[in-house]
Amino acid sequence: MPEQYVASDKRTGMEVAVTGEFPPHHDDRIRIARTTTLFTRLMSTILSTENESQRRQGFIAVETQLELADALIREDMAEVQRLLRDTMEKMGISQEQLEEMARRIIEQFGDDPEAFGSGPGPGPGIPPRD
């Protein structure tokens with residue numbers, strides 16, 4: 001039998017229900033509740049935006065971020081790079097400008113992964129130097 005979590009936004013009365021087979025671990029259930037509550041609040045905020053253009057931009061921003069989160073969780077780095085590149089292009093940053101930024105970062109920090117505070121390798125989207 002599927003379980004259900006329902007979240008409501010007090011400001012607008014927006015309600016979102018998530019139904020499915022939930023993992024038994026308490027922390028997973030907390031994450032389901034928090035994520036559903038945040039999504040409900042986010043939808044409520046977007047829908048209460050009076051300006052149609054701003055409302056649509058809000059939806060587009062959320063859609064892109066959710067697609068990015070999904071690709072990161074699936075560890076699909078090609079999709080992550082595509083989404084980031086598309087987002088930057090929409091912001092008016094060209095592929096050439098992205099490559100120049102990557103070049104400058106590598107020049108300034110080198111290939112030292114500790115400079116970025118991450119694990120091995122130069123990071124997603126930055127090709128290793130030969």
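Test of the criteria: in the stretch 1-37, which trypsin sites (Lys or Arg not before Pro) are in a DSSP loop and have at most 11 other Cβ atoms within 10 angstrom of their Cβ?
Working: sites: Lys10, Arg11, Arg29, Arg31, Arg34; in loops: Lys10, Arg11.
Of the trypsin sites (Lys or Arg not before Pro), the ones in loops of the stretch 1-37 whose Cβ has at most 11 other Cβ atoms within 10 Å are Lys10, Arg11.
Cα centroid distance between the stretch 1-39 and the stretch 84-113, in Å? Distance between centres, Cα-based: 37 Å.
Considering only the other residues whose Cβ falls under 15 Å of the Cβ of Phe22, what net charge follows from Lys and Arg at +1 and Asp and Glu at -1?
Net of charged neighbours comes to -1.
Please compute the net charge surrounding Glu79, taking Lys and Arg as +1 and Asp and Glu as -1 over other residues with Cβ under 10 Å from its Cβ. So the surrounding residues net to -2. Taking GluC sites (Glu not before Pro) across the stretch 1-104, the ones in a DSSP loop with at most 14 further Cβ atoms lying within 10 angstrom of their Cβ are Glu21, Glu50, Glu75.
May I ask you to give the solvent-accessible area per residue for the stretch 1-100, in square angstrom, as obtained with a 1.4 angstrom probe? Could the numbers behind the result be given before it?
On the way: 7430 Å² over 100 residues.
Roughly 74 Å² per residue, with all protein chains present.
The values are calculated or read from the model by the stated rules, or taken from the named source; none is laboratory data. None of these values were measured; they are calculated from a predicted model. Note that each Cβ is placed from the backbone with ideal geometry, even for glycine, and that neighbours are counted across all protein chains shown. Note: areas computed on protein heavy atoms with side chains; ligands, DNA, RNA excluded. Shrake-Rupley method; radii C 1.70, N 1.55, O 1.52, S 1.80 Å.
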